[in-house]
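Working notes for the structure below.
Rule-based calculations on the coordinates, nothing more; no lab input. Predicted, not measured: the structure shown is a model, and the values here were computed from it. Cβ: placed from backbone, ideal geometry, glycine included. Neighbour counts: every protein chain shown.
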Amino acid sequence: KQETQLKREIPAGWAVNTLSQIANITMGQSPAGESYNEDGIGTLFFQGSTDFGWLFPTPRQYTTSPTRMAKKGDILLSVRAPVGDMNIANADCCIGRGLAALNSKSRSDGFLFYVMKYFKQVFERRNAEGTTFGSMTKDDLHSLQVVCPEPGLLKRYDDIVSEYNKMIFTRSLENQDLIKLRDWLLPILMNGQVKIK
């Protein structure tokens, strides 16, 4: 059928929704500056995409006065330059003004993740054309239009994708642990505290 809002055809049974219709969205809010620390005291805190890794952010800052929270498994989306960068929260955490947290209302987090990957490409294309996106407001994010498959197809898609995502997430967490171990072990080996036989 022809979709008038998008000016293109979409399959029968599919629908055009706004992002806020399919996702729970929490915009970040920064806690008081004096509550920040790097000593692991309080709640894990991410201000923006600075600590983003390949898939998960690297814990660095904490806050004793958390404001807006993201749950473990939520998509962390950068809403300040670079707009659209994403990671997955690997623990409950506080999010600052540079981030938004998203999760699917229908538990189709795999679908939502790849929809947001698509939007990242859209933002990059607009930036390349000179339409700079310094930041994204709550209204901008809530009103993004998403083409959604009919529920049966969406469930089948998510059943397949979620297994692959679990495997990717597990391996990414293992990689983070190995990086920590390497960073701890390498200096000890270099200064001769430990010898390998």
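Side notes on the structure shown:
- Between 0 and 90°, nearest 10: helix 151-190 axis offset from the chain longest Cα axis: 20 degrees
- Net lengthening on full extension, LEU178/ASN17 (0.36 nm per residue, minus Cα-Cα): 53.9 nm
- Neighbour-count order for SER65, SER108, fewest beta carbons within 10 angstrom listed first: SER65, SER108
- For segment 52-181, the relative contact order comes to 23 percent (Cα pairs under 8 Å, sequence separation of at least 6).
- Translational diffusion of segment 1-90 was estimated from the Stokes-Einstein equation, with Rh taken as the Kirkwood radius over Cα pairs; at 20 °C and 1.002 mPa s the coefficient is 139 µm²/s.
- Fewest neighbouring Cβ atoms within 10 Å first, the residues ILE25, ILE179, ILE95 line up as ILE179, ILE25, ILE95.
- Using 0.36 nm per residue and subtracting the Cα-Cα separation, the extra length available between TYR114 and ARG97 on full extension is 3.8 nm.
- Under a Gaussian network description of the chain, with springs only between Cα atoms under 10 Å, the residue in ARG171, ARG97, ARG68 that fluctuates furthest is ARG171.
- Going from the fewest other Cβ atoms within 10 Å to the most, the residues MET69, MET167, MET136 appear in the order MET167, MET69, MET136.
- Total lysine pairs whose alpha carbons fall under 17 Å of each other in the chain (8 or more apart, or interchain): 7
- Given +1 at the Cβ of Lys and Arg, -1 at the Cβ of Asp and Glu and no other charges, the dipole of segment 14-149 around its Cα centre is 360 debye to the nearest 20.
- Semi-axes of the equivalent ellipsoid for segment 59-118, computed as √(5λ) from the eigenvalues of its C-alpha gyration tensor and ordered from largest down, come to 20, 14, 9 Å.
- Calculated over segment 14-149, the projected area of the Cα convex hull averaged across directions stands at 8.1 nm².
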